[in-house]
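> Got a structure for you, written out below as structure tokens; questions coming shortly.
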Amino acid sequence: MNDRRIKRIAEKATEGGRLRITVTQLWYLSRTSSGTSPARPARGIRPGVRWLVAAPLAVLLLVAGNFVPGVPGAVTVTAAVAVVVTASLMRFRPATRASSYITPSESQFRQMMAGPWAAAYGKPLPRVVEDGPHAPHPRTPPPARPRVVILCTDHAAAVFLRRNAIPARLGALLVEAAPGAAHEALADAPEGLPVVTLHDADALGALLAPLLRQAHPDRVVVDAGLPVTAVRTRRGAVHRVSSAATPSAADLRSLAGLSGADAAWLAQGYWSPLAAVPPRRLEAAVTAAVRRALAARPAGPRSTDGFLTWPAEVPSPGGGPSRTKGAAAG
């Protein structure tokens, strides 16, 4: 991590100042490494159980050795010592959950930008806006006659869209809501408008569009969220692990139409953030999805028409794209 590298990444991400990006987006693009560790089962015998067996056995062998004369007695005492030594050398490794890491962590990166960076330069990076929970967010009036609704479940992505006036340019009403509150969030949106969903590549995101289609069969629902297939096995994609409960793989296969491998990956708590997508590609994906939503017609709750195929590139550490063999519909 150094200031020249971060400046280069910010310059590329903002396209020379054309776009505004958030601190969260810059963090993902500037990370030096990221990865996951799979869940591991417990191995060995717990110390309490181990000594509950070893201690009485050793005492019994010592007592027996005192009553047995000669070589058999010596062998019995040696066996007691061997039991104690073996119990002492045995190790127990508890079960661990799957975990993930990003270097530097989000808190470290934000502290670096607010501390050393501000002290050295006296001002934040040009065209980089704060998107933390306490950051001020200017209100932008919705279009007088919106043509489409953009339902975004990622806060950093919503701030990026809003600060670049992308919804206004597309004639869209931007609604930010958590996946679990998406249905209620659409209650105030004009009826009949098509909906474009933006979400992370996670379990709740995969279910968002199918459930909205069932609840609103009169609406066109275009899933422009980050597809699981596009990031699950892609080198350079950001993989994270959630500790929250997730739907089962069977539910994800039947309701979201995911493959067995994608559903199993999400069911284990793995996910990939939409905010890690390079800003230019996120802008292009939203624009294409809105155009498809305006051109589509509602075809019932089970329709998959309108799914967005993402470009065949994923972000890599340092902000550069890495080529993949193809992308999947989200």
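The values are calculated or read from the model by the stated rules, or taken from the named source; none is laboratory data. Predicted model only: the values in this text are computed from it and were never measured. No Cβ is skipped: glycine too gets one built from the backbone with ideal geometry, and neighbour counts run over all protein chains shown. To get the accessible areas, we keep the full protein, side chains included, count just its heavy atoms, and leave off ligands, DNA and RNA. Shrake-Rupley method; radii C 1.70, N 1.55, O 1.52, S 1.80 Å.
> Search segment 232-246 for residues that are touching a residue at least 40 places away in the same chain (Cβ under 8 Å) and pair each with any residue that is surrounded by fewer than 18 Cβ atoms within 10 Å (Cβ to Cβ) and hydrophobic (A, V, I, L, M, F, W, C) when their beta-carbon atoms are under 6 Å apart and the residues are at least 6 apart or on different chains.
Qualifying pairs under 6 Å: V241/A98.
> Which condition number in (1) modelled with pLDDT of 95 or more; (2) surrounded by fewer than 22 Cβ atoms within 10 Å (Cβ to Cβ) is the one that G236 fails?
(1)
> Before we move on, is V23 out of contact with any His (no Cβ under 8 Å at 6 or more places or on another chain), without any contact (Cβ under 8 Å) to a residue 40 or more places away in the chain and of a type in the set (A, V, I, L, M, F, W, C)?
Taking the combined requirement at face value, the residue does not satisfy it.
> Before we move on, is D262 of a type in the set (D, E, K, R), crowded, with 21+ Cβ neighbours inside 10 Å and within 22 Å of T36 (Cα to Cα)?
yes
> Just checking, how many residues over segment 74-133 are among the aliphatic types (A, V, I, L, M) and within 25 Å of the chain's Cα centre (by Cα)?
Summing the residues that are among the aliphatic types (A, V, I, L, M) and within 25 Å of the chain's Cα centre (by Cα) in segment 74-133 gives 8.
> Look at segment 239-249 and say how many of its residues are open to solvent by 40 Å² or more (accessible area, probe 1.4 Å) and either at pLDDT 95 or above or β-branched (V, I, T) (or both). Explain how you work it out, then say what you get.
Looking only at segment 239-249, we keep the residues that are open to solvent by 40 Å² or more (accessible area, probe 1.4 Å), and these are 240, 242-246, 248.
Subset that is either at pLDDT 95 or above or β-branched (V, I, T) (or both): 240, 246.
The number of residues fulfilling the criteria is 2.
> For D218, indicate whether it is of a type in the set (D, E) and touching a Pro at 6+ places or on another chain (Cβ under 7 Å).
It is true that D218 is of a type in the set (D, E) and touching a Pro at 6+ places or on another chain (Cβ under 7 Å).
> Looking at L186, L174, can you tell me which residue is outside any loop (DSSP other than H, G, I, E, B) and either open to solvent by less than 10 Å² (accessible area, probe 1.4 Å) or hydroxyl-bearing (S, T, Y) (or both)?
L186
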